[in-house]
Each structure stands twice: as C-alpha cells, then as structure tokens.
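Every read-out reported here was derived from the displayed coordinates using simple, explicitly stated rules and does not represent laboratory data. Being a predicted model, the structure only gives us computed values, none of them experimental. Cβ atoms come from the backbone with ideal geometry, glycine included; neighbour counts cover every protein chain shown.
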Amino acid sequence: MASNKNLPPPAAFVDPNTGLLTRQANNFLNAITASSNVAAAGDIATPPGSGLEGGGTVADGVTLSIAPNGVTFGMFQQIPACSVVGRFQNSTGNVSAVQAVQNRTVLQRVGDQLVFAPSVDVPAVVTDALTINDTPAASAATVTHSIPIETASGTMYILLSNVP
C-alpha cells in the first residue's frame, strides 16, 4: 500500500522530553520541502493557439492570462435552448444566457435591458423598399375618391376615400 507523504507521520511530531522535532517529523518536513522545490524549476510556455499568453521561468514568477480571442465557442458551457450569450443588464459584469421563452419574439433593448419581446418598438423606419407579407385582408375597401397630395420635396401620395 502506498503511503501519502503529505500526512503527518504516525509517531509524535515533537519529543515531549526535549521539545524538539522527532526524526519522523524532520523526515516528513524534508519530504514536503523537497517536493515543493520541484515547482521552483522549469519553464511554462504558452504555444500559439493555446488560448493563453505569458509564461516564463517558474523561479522568476509566472504570469498567465487569456489571449485575445483565447476563449473559443467550444469552451462555452451548455446554454438553454433558444438563447443567446450576453449581458442583459446595462452594466459590465458576467455574461449569461438570455433566453427566448416563447415563439414570435425578437431580441431588443427595452428599458436599458436586453430582452426578447413579442413586438418590435421602432419609432421610425427609413428604407428604399419595404415588403410586408402576412395574412391578406378578408375584405376589400370600396374607394370612391382618390385625392393626390404632393409634398414640398415632390413626393406624391394618393389619399383614398369612400366619403361622397
């Protein structure tokens, strides 16, 4: 059976008659010192693609850090279904999963927080072409008058009316 040298020896650590360490205690402490000095030698290298930067000689001190883009997507923990990784509060801190818990929701910033909401609050839309395809209207409007309206910039609008 292998013995663990990090456990104190089975004999007394201090001789009660002299107040000095016993031979077993001295051997135990020497073994700890010898094994801890092993870490004082050698170099730590951070090869390209390891995700780390820094390193150096152990005896001189080692500084390791995550390299820019050193954390890959494969290193992420598993996250809930239908979610994105981000920070939902308007502050710095740890990221978490922001989850869409129902269908037909969109990710947006509301009240300085990142949320999935059922509709998009867009105060204005500027576009060259806008196509909205949804369920067609069940009825048709009857138009009796068309009134052309031209803006100062030359844009023409047609106002449709069924008022006689």
Check your understanding: Considering amide H positions built from the backbone, and no H for Pro or chain starts, which residues 5 or more places from Leu52, or on another chain, come under 5 Å of its amide H?
Key -> Ala67
Check your understanding: If R0 is 25 Å, what FRET efficiency do you get for Ala11 and Ala59 from their C-beta distance, rounded to 0.05?
Key -> 0.15
Check your understanding: Which whole-Hz ³J(HN,Hα) couplings does region 146-154 yield from phi under the Karplus relation 6.51 cos²θ - 1.76 cosθ + 1.60, θ = phi - 60°, glycine and proline marked x?
Key -> 10, 10, x, 10, 10, 7, 4, 7, x
Study note, to complete from the structure: Under the Karplus relation with 6.51, -1.76 and 1.60 and θ = phi - 60°, whole-Hz ³J(HN,Hα) for region 43-59, x at Gly and Pro, equal 10, 10, 10, 10, x, x, x, 7, x, 10, 9, x, x, x, 7, 4, 5
Practice item. Return the FRET efficiency for the residue pair Gln78, Met156: r is the Cβ-Cβ distance, R0 is 45 Å, and the value is rounded to the nearest 0.05. Key: 0.20
Review point. In terms of modelled amide H atoms, which long-range or inter-chain residues lie less than 5 Å from the amide H of Thr22?
Key: Val14, Asp15
